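Chemist: If you scroll down you'll find the structure; I have some questions about it.
The values are calculated or read from the model by the stated rules, or taken from the named source; none is laboratory data. Model, not experiment: these values are computed from the prediction. Reconstructed Cβ throughout: ideal geometry from the backbone, glycine too, with neighbour counts over all protein chains shown.
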Amino acid sequence: MGRGRSLTDQEAQRRREEIMRAAMQCFADKGYHHTTVGDIAQAAGIAHGTLYLYFEGKKALLFEFLEQAVTESVLELLDNADVGTPGEVVGRFISTRLQLHRDNGNLLKVIFSESFFDAEMAQEFTSKVLHPTQQALASYMQRCTEAGTLQVAAPDLAAQTLMAMLAGHVLIWNGIAGPQPPHFTPEERVGFIQQCFLNTCLAKGTT
């Protein structure tokens, strides 16, 4: 029997994206730990073994998605941060983080919940997602402080603080840390977090 034709690079990339979408839906529906590779393969419409041609397993799938959706998007935003004032850049950072949670609320709720009980998963999430994001944000704040547009004595601590504000907000928003507060629009949420953070960090005369 002849061998089937090889996929083009474009087709292979499309297949990877299909598998990743199927995996994220399975994680959101069943939870990460209750999802098997077989579940993902079935949802993607491929054979069990075919999945391993594209990913090492479900952990690789999860963290590739998180690195693309969280880390890489932050790096891209802050690498192009010369376009806009610190207030505008921080506003875009907050807005994109909240949009990520709006688009993937069920999935991220599962990840947050299960990370509390899985030290290995929490450690990998910290090293591959949280730390690179925090370092990029701190580096941006340091550059702005040197340019005189921000007044941040400890950029690492300031970056941690902003990320903690967002994390706490999302935990409440998703009902993980208690009942949701009265309804606020996404714009109101972004504006409030932005104002709280920048009130202590903006240099006089900047926005």
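Chemist: Out of (1) more than 13 Å from the chain's Cα centre (by Cα); (2) in a helix (DSSP H, G or I), what's the single condition that is false for H101?
Modeler: Just one mismatch for H101, condition (1).
Quick grid of which residues meet (1) at pLDDT 70 or above; (2) under 18 Å from the mean Cα position of the chain (by Cα); (3) over 19 Å from L78 (Cα atoms):
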position	(1), (2), (3)
A164	yes, yes, no
P181	no, no, yes
T185	yes, no, yes
I193	yes, yes, no
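Chemist: Sort out which residues of the range 106-139 are among the small types (G, A, S) and over 17 Å from A164 (Cβ atoms), and write them in order of number.
Modeler: Result: S113, A119, S127, S139.
Chemist: A further question follows. Within the range 141-157, is even one residue modelled with pLDDT under 80, outside any strand (DSSP E or B) and within 30 Å of K59 (Cβ to Cβ)?
Modeler: no
Chemist: Of all the residues that make up the range 109-127, how many are surrounded by 17 or more Cβ atoms within 10 Å (Cβ to Cβ) and at pLDDT 85 or above?
Modeler: 2
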